[in-house]
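Everything below concerns the one structure shown next.
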Amino acid sequence: MTVTVNGLDELKKLAGSDLGTSDWIEVTQDRIDTFADATGDHQWIHVDPERAAAGPFGAPIAHGYLTLSLFIPLFTELLDVQGVTTKVNYGLNKVRFPSPVKAGSRIRLAGRLTEVEDVPGGVQIAVDGTIEIEGGTKPAAVLQSLSRFYA
C-alpha cells in the first residue's frame with residue numbers, strides 16, 4: 001500500500017519509517033532483451049536463452065543494472081509525495097547484487113525511509129531498499145537510494 005504525504009513537513013515526519021513492500025513484477029526475457037538493446041550490453045548470459053540454460057545459472061539472468069533501474073517504478077508504489085514541485089534522483093550509496101534474477105522471476109521492493117534532511121529549497125531522503133526475488137533465499141539487490149524533493 002502506498003504511503004502518501006502532502007508536503008515536506010509531512011515527509012520529514014516519516015523519517016525512520018518502514019514503507020512496506022511493493023507489488024511483485026515479472027522480469028521477462030523481453031524486458032531483459034529491451035534493456036540489452038538500450039544499453040548495448042548483449043552478453044549471452046542475458047540474451048541467449050539456449051546458451052544461458054547451459055551456463056552457471058541454468059537460465060538467462062537480468063542485468064544487475066536492469067534490476068537496479070526497477071527500483072524507481074517499485075519505489076513509487078511505496079511513497080507518493082504530493083505538494084512538491086520537483087522530484088529528482090540524487091544518487092545511490094552502497095549497492096550490491098547478492099543473487100541473480102532469472103528471466104521469468106518476480107521481484108518486489110521492501111523499503112525503509114532512513115533519513116530526511118534539509119537541503120537548499122527542499123529535502124533529501126535516504127531509502128534503504130531490498131529488491132527481493134519471489135521464493136529466493138537472497139535478495140536481488142540491496143541499496144540505499146537518495147532522492148530530493150523541492151517545494
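Just so you know, all these numbers are worked out from the coordinates, no wet-lab data involved. Treat the numbers as computed from the prediction; the structure is a model and nothing was measured.
Could you name the aspartates and glutamates in cross-link range of Lys13, using Cα to Cα under 13 Å and dropping any fewer than eight places away on the same chain? Cα-Cα hits under 13 Å: Glu115, Glu117, Asp118. Taking one quarter of the surface of the C-alpha convex hull of the chain gives a mean projected area of 9.2 nm². Cross-link reach is defined here as a Cα-Cα straight distance under 22 Å, omitting same-chain residues fewer than 8 places apart; for Lys12 the lysines meeting it are Lys87.
With contacts taken as Cα pairs under 8 Å at a separation of at least 6 residues, the chain carries a relative contact order of 31 percent.
In percent, rounded to a whole number, the relative contact order of region 75-137 is 29, using alpha-carbon pairs under 8 Å and six or more apart.
Express in whole angstrom the spacing between the alpha-carbon centres of region 1-52 and region 63-104. So the separation of the two Cα centres works out to 5 Å. Angle of helix 29-39 to the longest C-alpha principal axis of the chain, folded into 0 to 90 degrees and rounded to 10: 70°. Counting only lysines at least 8 places from Lys138 when in the same chain, those with an alpha carbon closer than 16 Å to its own are Lys102.
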